[in-house]
1. Which entries of Lys119/Lys216; Lys139/Lys281; Lys119/Lys178; Lys119/Lys139 show an alpha-carbon separation above 24 angstrom in the structure shown?
2. What distance in nm separates the simple spin-label points at Ile94 and Arg255, each placed 7 Å from Cα in the Cβ direction?
3. I'm a student and want to see the number: the projected area of the Cα convex hull of segment 114-347, averaged over all directions, in nm².
4. Can you compute the charge dipole magnitude of segment 280-329 about its Cα centre, using +1 on each Lys and Arg Cβ and -1 on each Asp and Glu Cβ, nothing else charged? Give it in debye, rounded to the nearest 20.
5. Using R₀ = 22 Å, calculate the FRET efficiency as 1/(1 + (r/R₀)^6) where r is the Cβ-Cβ separation of Val351 and Asp236; round to 0.05.
6. Would you please give the residues with an amide H less than 5 Å from that of Thr125, counting only those at least 5 places away or on a separate chain, with H modeled from the backbone geometry?
Amino acid sequence: MRLIVTTFVGIVFGFLIGLSLTKKLNLPSSLVPSLDLSYIEDKNTGRSTQTLLNVWSSIRRNATSSSQAQSSNHTSKIWAPSNPRGAERLPPGIVEAESDLYLRRLWGKPSEDLTSKPKYLVTFTVSYDQKKNIDAAVKKFSENFTILLFHYDGRTTEWDEFEWSKRAIHVSARKQTKWWYAKRFLHPDIVAPYDYIFIWDEDLGVEHFNAEAMTKRRGDREVHKETEEKPGWCSDPRVPPCAAFVEIMAPVFSRNAWRCVWHMIQNDLVHGWGLDFALRKCVDPAHDKIGVVDSQWIIHQGVPSLGNQGESHNGKTPWQGVRERCRKEWTMFQSRLTSAENAYYKSIGYVN
């Protein structure tokens, strides 16, 4: 009996010494060897093997909880304010702040997915009725362009009759405009890999257009930055529509310019009317940074296909309702922009 008690006390004492060393060395409890106490049993005192195992399990749980608490405390100490908002608790090395629209495989090594990385992005907001026009336009763009189609009529699978469509990206939402799509799917951090972003309508004639030539830097002789308009249209020859202006049916944005323009697009103003007059807010000097590439001219065919996606209301045809909404949005956008500028200047103590 004395031998058994002495043996038990020795085992417990040894375990406590081991546990103390484990805490000091910060070793995981899994490295502490499990004890087989099945051979110890004191029938006279009622201390069975199960009792000893219960004690052992309790000690192990406490050790595990302590280890987890230490691990949790260590993780909570990460705070990287340079990370994007909401990701401050992550180690900076794991943060991926930007993405892309490159299509990847479902197999193999990720590093071998991409044989090339397109430098430019072109988007068209389309209906299937304009398939011939879009087919002609897309064929003007090389493999150096990612093709993204926004489908406002809900028809996507039919486009597979074109081989290029199988490599394109298709996004579908019925009765939406290209600026609705752009605000929601072309966040600057998503399109960051692209040098230029083309955001085009579906009714453009591109017979005289060369996409690769469009992306090259050129001298002033190939770009006109000022023009003459009707008398009284321009209060200043360096402001829209005489300068710093391109219409919104076929704009091309640099990466940096798009980051600014995206933030200016209003969530609820889906037609984008008035946006072309405000693009100059995103570059300086605007009359020198915004222009029309004369050698790459296109034709706006003026097909009112999106306008017909409206609904008859109060005796007005669908396209009349859409056009009325466009004009209202233009007024609302101008009012918001003016109010925002006035509020900013007032906040810094500037009085005009």
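Bear in mind these aren't lab numbers, they're just calculated from the coordinates by the rules spelled out. This one's a predicted model, so the numbers in the text were calculated from it and none came from an experiment. Don't worry about glycine lacking a Cβ; one is built from the backbone with ideal geometry, like all the others, and counts go over all protein chains shown.
1. Working: Lys119/Lys216 12 Å; Lys139/Lys281 33 Å; Lys119/Lys178 21 Å; Lys119/Lys139 17 Å.
Going by Cα-Cα distance, Lys139/Lys281 fall outside the 24 Å limit.
2. That separation, rounded to one decimal, is 2.7 nm.
3. 14.9 nm²
4. On the way: 8 positive and 6 negative charges, 48 e Å.
Computed charge dipole of segment 280-329: roughly 220 debye.
5. Numbers: r = 22 Å, r/R0 = 1.01.
FRET efficiency, Val351 to Asp236: 0.50.
6. Excluding prolines and chain starts, which carry no amide H, the hits are Phe150, Trp200, Glu202.
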